[in-house]
Amino acid sequence: MKTSFFYANEESELQVYLASKNYQQIVCIADAHTNGFCMPIVKKIFPFLQTTTQIIIPEGEQNKNISTCIYVWHEMEKMQLEKNTLLICVGGGTLSDLAGFVASTYKRGIDTMLIPTTLLSMVDACIGGKTAIDFSGNKNNIGTYHLPIACYLNPIFLHTLPIRILQSGIGEMMKHALLCSTDRWHTYRTLKIEDFYSIEKIRESLVFKNNIVEQDLHDLSLRQSLNFAHSIAHAIESYSLQGSTPLYHGEAVLLGIRHELILSHIIFQLPQFIISDYEQWLQQCFPELHFNYNLADIQSFLQQDKKNRDGYRMSLLKEIGVCETQVRVSEAQLQESFKLL
């Protein structure tokens with residue numbers, strides 16, 4: 001099964017598609033933020049959802065856990081939802097991760113549709129069917145594969161976001177550019193911040209990731225290239241969640257790109273000027289992105305990374321557009337990379 005993507009101005013096509021599915025019940029799930037700011041927009045765009053039952057959960061990564069899942073499962077039981085139910089998730093990547101996991105396990109799987117409301121979820125989290133919750137302090141440690149039947153993409157929802165959340169999605173778009181080609185990388189590092197929010201750039205980044213996912217849904221080979229920057233990013237993000245001002249995922253990815261470009265230089269001799277170009281772009285576009293940590297702070301989280309096998313394993317760049325997966329990274333190479341920051 002593939003996910004069907006619909007964009008702004010394709011609302012009627014989406015409604016015809018959903019009608020063809022003959023769902024017995026349709027339920028929406030949102031968090032406290034998206035319920036207040038995005039659900040009114042959704043109901044205006046799709047009037048048939050105005051009377052739909054909703055499940056509301058607290059917002060934030062700290063609520064992406066088994067306790068929230070249990071709450072949602074109880075709510076679904078109270079509604080007596082049957083197998084032929086569609087769960088529509090209105091929110092960002094944190095919510096779609098959790099909602100997808102809940103849907104994949106309720107009655108062994110009900111259909112989901114995603115309406116991503118953040119840049120990060122539009123170009124990354126809505127694609128590929130990975131669901132997850134955090135467990136024992138480790139990000140995305142419990143999860144399943146569960147492709148949504150459809151996604152609806154509309155930049156109108158970006159206007160509801162605080163600036164930090166909005167901009168954090170750029171991290172994944174820059175990662176895609178580095179994985180794609182030298183031409184795209186050169187184009188993206190010269191874009192103005194607001195250029196990233198256009199439907200053209202959103203679609204471009206989405207299509208790049210989706211092309212990879214369709215070739216390797218279960219992350220056995222090619223899809224692992226999308227893990228570039230994420231081994232260290234997830235460790236940084238998990239560490240930050242212990243403090244009072246945690247990083248957003250996209251912010252951690254921006255930092256993870258720095259680290260893994262340096263490791264790519266150490267292991268594959270990736271040219272130094274690529275690192276310098278990225279540092280210049282990062283300082284220009286994200287001058288206020290500062291978070292204090294060292295290798296000792298994140299090491300325990302890094303050791304829990306799902307990709308590890310006989311030591312640290314990462315996806316690193318041999319050159320722009322060429323990614324090597326399952327690269328073994330030694331303790332000494334990690335330490336050297338931190339010294340070169």
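Here, each number is a calculation from the coordinates, and none is a lab measurement. Every value quoted in this text rests on a predicted model; they were computed, and no experiment measured them. Note that we place each Cβ from the backbone using ideal geometry, even for glycine, and neighbour counts take in every protein chain shown.
Counting other C-beta atoms within 10 Å, and keeping those with at most 11, which DSSP coil GluC sites (Glu not before Pro) do you find in segment 229-314?
Loop-located and lightly packed - Glu288.
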How big is the charge dipole of the chain about its Cα centre, in debye rounded to the nearest 20, if each Lys and Arg gets +1 on its Cβ and each Asp and Glu gets -1 on its Cβ? 500
Kindly state, as a whole number, the per residue volume in cubic angstrom of the convex hull around the alpha carbon atoms of segment 121-162. 89
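In square nanometres, what is one fourth of the surface area of the convex hull spanned by the alpha carbons of segment 114-237? Don't jump to the answer; show the numbers that get you there.
Working: hull surface 32.0 nm².
About 8.0 nm², averaged over all directions.
So if I place +1 on the C-beta of Lys and Arg and -1 on the C-beta of Asp and Glu, and nothing else carries charge, what would the dipole magnitude of segment 4-159 be about its Cα centre? I want it in debye, nearest 20.
On the way: 10 positive and 13 negative charges, 52 e Å.
That gives segment 4-159 a dipole magnitude of about 260 debye.
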List the equivalent ellipsoid semi-axes of the chain in whole Å, largest first, each obtained as the square root of 5λ for an eigenvalue λ of the Cα gyration tensor. 34, 21, 18
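Within 10 Å of each residue's Cβ, count the other Cβ atoms and sort Leu119, Leu226 from fewest upward.
Values: Leu119 29, Leu226 25.
Ordered by Cβ neighbours within 10 Å, fewest first: Leu226, Leu119.
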Any idea how far apart Asp216 and Gln335 come out in nm if each label point goes 7 Å out from Cα toward Cβ? 3.2
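For a quick check of your reading of the filter: which trypsin sites (Lys or Arg not before Pro) in segment 158-230 sit in a DSSP loop and have no more than 10 other Cβ atoms within 10 Å?
Values: sites: Arg164, Lys175, Arg184, Arg189, Lys192, Lys201, Arg203, Lys209, Arg223; in loops: Arg189, Lys192.
Sites meeting the loop and neighbour criteria: Lys192.
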Arranged by the count of other C-beta atoms within 10 angstrom, fewest first, what order do Met39, Met1, Met122 take? Met1, Met39, Met122
Charge dipole (the chain, unit charges on Cβ, about Cα centre) - positive-most of Trp73, Ile55, His186: Trp73
Measuring from its Cα centre, segment 231-341 shows a charge dipole (+1 at each Lys and Arg Cβ, -1 at each Asp and Glu Cβ) which, in debye to the nearest 20, is 300
Run the count for segment 164-339, please: Lys pairs, Cα-Cα under 27 angstrom, 8 or more apart or on different chains. 19
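In segment 1-116, how many lysine pairs have Cα atoms under 16 Å apart, counting only pairs 8 or more places apart or on different chains? Spell out each step's value before the answer.
Values: Lys2/Lys21; Lys21/Lys83; Lys78/Lys107; Lys83/Lys107.
Eligible lysine pairs with Cα atoms under 16 Å apart amount to 4.
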Have a look at segment 1-102 and give its Rg and Dmax from the Cα atoms, expressed in angstrom. 13.8, 38
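What is the antiparallel percent of DSSP beta bridges lying wholly in the chain, to the nearest 5? Can you show the working numbers first?
Details: 11 of 34 bridges.
Beta bridges within the chain, antiparallel portion: roughly 30 percent.
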